[in-house]
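Undergrad: One structure is given below, represented as structure tokens, and several questions about it will come after.
The values are calculated or read from the model by the stated rules, or taken from the named source; none is laboratory data. Treat the numbers as computed from the prediction; the structure is a model and nothing was measured. Here the Cβ positions follow ideal geometry from the backbone for every residue, glycine too, while neighbour counts run over all protein chains shown.
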Amino acid sequence: MNDMSPDSYVTPDGRTIGGVVMEMKNITLRFGGVVAIKDISFDIREGEIRAIIGPNGAGKSSMLNVISGFYVPQEGEVWFRGSKRPQMKPYEVAGQGIARTFQNIALFDGMSVLDNIMTGRLTKMKTGLASQALWFGRAEREEIEHREQVEKIIDFLEIQNIRKTPVGRLPYGLKKRVELARALAAEPKLLLLDEPMAGMNVEEKEDMSRFILDVNDEFGTTIALIEHDMGVVMDLSDRVVVMDYGKKIGDGTPDEVRGNQAVIDAYLGVAHD
Amino acid sequence: MPDQLLFAIEVTLNGLMAGVLYALVALGFVLIFKASGIFNYAQGVMALFAALTLVGIQDGQVPFSHLINAIFGTDVHHFGWHVPAVLAILLTAAVMVLFAWIVERYVLRHLVNQPGIILFMATIGLAYFMEGFGDLMWGADIKNLDVGLPQGINETIDETTYNWFGYGFFIDNLDIAATIVAVILVVSLTLFSQYSKQGRALRAVADDHQAALSVGISLRFIWVLVWSIAGFVALVAGIMWGSKSGVQFSLSLIALKALPVLMLGGFTSIPGAIVGGLIIGVGEKLFEFLIGPLVGGATENWFAYVLALLFLVFRPQGLFGEKIIERV
């Protein structure tokens, strides 16, 4: 860790968690009269796995969309790497080093797995339109460098054998993995995963959990993820934000959250009188 | 060699070259369809508009002269200078880029996330607008386009074939030039789309807008880029067709011939547009030559469409189109 801020610490399993990399301050998001997110603040520290959980319709995906620039909150500030982020388009947010996956998988179906992952490196490519169009050596060298990076990720996620397959032909679990690969290809400073394990069977879930842990461990990638499966969340994450009806009802380590009465009520239901 | 066979070969060669011209128009359609999923009805009119602008700039015509004269009672028509062909082509290309920017800014930007049919309707509107606008800007008279491309029968081929077979082939120099230009254009566009960063971004945008945004692609930039390229292809098509048959408003109708080409080649394949164009070109000419006399001729008017219909029935994605993948 290059910038050991005073509040960094080491986890029981030996990973170093750094200072705050992203901070959401008093975010409120409305769609017309519906309040999707109500005055929520939380932070994400460098190198940690941060989970956002909550029942259906709690506003988790909306929160992820705010972070990635797809939604613009009416109130509140987003701070990324020490400075307040001005209003940005999603592609500009991606350019800042925030990569994401989608709940319903958004891949380029007609393109091969390799090409899909290569698009993840677009923000890293520096050559301009003119030299790309004329295919000067620089563009070619660059392409080869990026290809090497992509191959590393392909090896890492164990998808070598489907490299050339059009994504549209892959089964669901593999698609999810390709989407993760594409996000990783951007070498993100913050990786957002929207329900990475939704719709998977137990075995696929275990694989995906392993990959998420490995990514965090190997590359030190900061990860924020949304997940329904409580067991998975508790095993994976360092800290958890719990949302319910657009409000934050809990924030802390998995153990702290597990013991929180408001969280138990939100998940199990509580008798109103 | 018997004369009939030689004649058939000549017909085939001419068909190939006519096919190149069809392919040039089809190419513009493919580019925009690939990148934005829009079937651009205005592609033919874009070719017309580009050709009109090119002639206008070359001849130093005053744009909107009718309008200006009507309002101010003046009588201006020409600036009185002539612009060299190369410079005029560059200026026209710049105009097409500006046009692409305007289309993105005032049409596409307001239709993001609309279904394809809405965008298609918008391009129909665009086609009519441009036709009228081109008329207003440069006048409705038929113009001669000459950018210095060679014209007329190629003497060398005529003589060589005469010496070999005792029968001289009639090949138009303009068709040869068009073929060379088309080959260069297609090779470079294919390489660009398959192997460059912008090309990959372009295909990504065509596939999924949201995903494209999430990997850092600016939709606006890509749209301006792709409409600029399509405008550039329209310019090339406009030059070729305009040199052949003059710049007139019927030029916009060549777009209709591009339709069967697209159905054969597939809407998403650049090489497909070329091969489709060649098949239609050759098929049309050979069919007229072989079958035409039996059915009273004029088969060129319908051959392409019937062939396209057959393809729609048996291979709807075309020869080279992306496979229609369905998971059940």
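Undergrad: Would you tally the residues in segment A:246-273 being modelled with pLDDT under 90 and among the hydroxyl-bearing types (Ser, Thr, Tyr)?
TA: 1
Undergrad: While we're here: Taking the stated definitions as given, is B:GLY246 surrounded by fewer than 24 Cβ atoms within 10 Å (Cβ to Cβ), within 28 Å of B:ILE102 (Cα to Cα) and away from chain A (no Cβ under 11 Å)?
TA: Against the criterion (surrounded by fewer than 24 Cβ atoms within 10 Å (Cβ to Cβ), within 28 Å of B:ILE102 (Cα to Cα) and away from chain A (no Cβ under 11 Å)), B:GLY246 qualifies.
Condition check ((1) closer than 16 Å to A:THR28 by Cα; (2) among the polar types (S, T, N, Q); (3) within 14 Å of chain B (Cβ to nearest Cβ)) across all residues:
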residue	(1), (2), (3)
A:LYS38	yes, no, no
A:ALA51	no, no, no
A:GLY54	no, no, no
A:GLY69	yes, no, yes
A:VAL72	yes, no, yes
A:VAL78	yes, no, no
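Undergrad: Something else now. Consider B:ALA255 carefully, then state whether it is within 16 Å of B:PHE29 (Cα to Cα), touching a residue at least 60 places away in the same chain (Cβ under 8 Å) and within 14 Å of another protein chain (Cβ to nearest Cβ).
TA: When the stated conditions are applied, B:ALA255 does not pass them.
Undergrad: Name, by its number, the condition in (1) crowded, with 21+ Cβ neighbours inside 10 Å; (2) assigned to a strand (DSSP E or B) that does not hold for A:PRO73.
TA: Going through (1) crowded, with 21+ Cβ neighbours inside 10 Å; (2) assigned to a strand (DSSP E or B) one by one, A:PRO73 breaks only (2).
Undergrad: Now, a different point. Could you please tell me which pairs satisfy a Cβ distance under 6 Å, a separation of 6+ or placement on different chains, a first residue in segment A:41-60 that is in contact (Cβ under 8 Å) with a residue 24 or more places away in the chain and assigned to a strand (DSSP E or B), and a second residue that is buried (at least 22 other Cβ atoms within 10 Å of the Cβ) and among the small types (Gly, Ala, Ser)?
TA: A:ILE44/A:ALA224; A:ILE49/A:SER237; A:ARG50/A:ALA224; A:ALA51/A:SER237
Undergrad: Only one of these conditions is not met by A:ALA183: (1) touching a helix residue (DSSP H, G or I) at 6+ places or on another chain (Cβ under 7 Å); (2) closer than 21 Å to B:ALA201 by Cβ; (3) of a type outside the set (S, T, N, Q). Which number is it?
TA: With respect to (1) touching a helix residue (DSSP H, G or I) at 6+ places or on another chain (Cβ under 7 Å); (2) closer than 21 Å to B:ALA201 by Cβ; (3) of a type outside the set (S, T, N, Q), A:ALA183 is out only on (1).
Undergrad: Select from segment A:133-186 the residues that are of a type in the set (Gly, Ala, Ser) and either away from chain B (no Cβ under 11 Å) or in a helix (DSSP H, G or I) (or both) and list them in ascending order.
TA: If the condition is that a residue be of a type in the set (Gly, Ala, Ser) and either away from chain B (no Cβ under 11 Å) or in a helix (DSSP H, G or I) (or both), then A:ALA133, A:GLY137, A:ALA139, A:GLY168, A:GLY173, A:ALA181, A:ALA183, A:ALA185 are the ones that fit.
Undergrad: From (1) exposed (fewer than 12 other Cβ atoms within 10 Å of the Cβ); (2) within 14 Å of another protein chain (Cβ to nearest Cβ), pick out the condition that doesn't hold for B:GLY166.
TA: (2)
Undergrad: Same structure, new question: Residues in segment B:199-212: is at least one under 28 Å from B:LEU256 (Cβ atoms), more than 15 Å from the chain's Cα centre (by Cα), more than 10 Å from every other protein chain (Cβ to nearest Cβ) and in contact (Cβ under 8 Å) with a residue 12 or more places away in the chain?
TA: For segment B:199-212, residues under 28 Å from B:LEU256 (Cβ atoms), more than 15 Å from the chain's Cα centre (by Cα), more than 10 Å from every other protein chain (Cβ to nearest Cβ) and in contact (Cβ under 8 Å) with a residue 12 or more places away in the chain: present.
Undergrad: For segment A:18-68, name all the residues that are more than 24 Å from A:GLU256 (Cα to Cα), within 12 Å of the chain's Cα centre (by Cα) and of a type in the set (Ser, Thr, Tyr).
TA: Matches in segment A:18-68: A:SER68 only.
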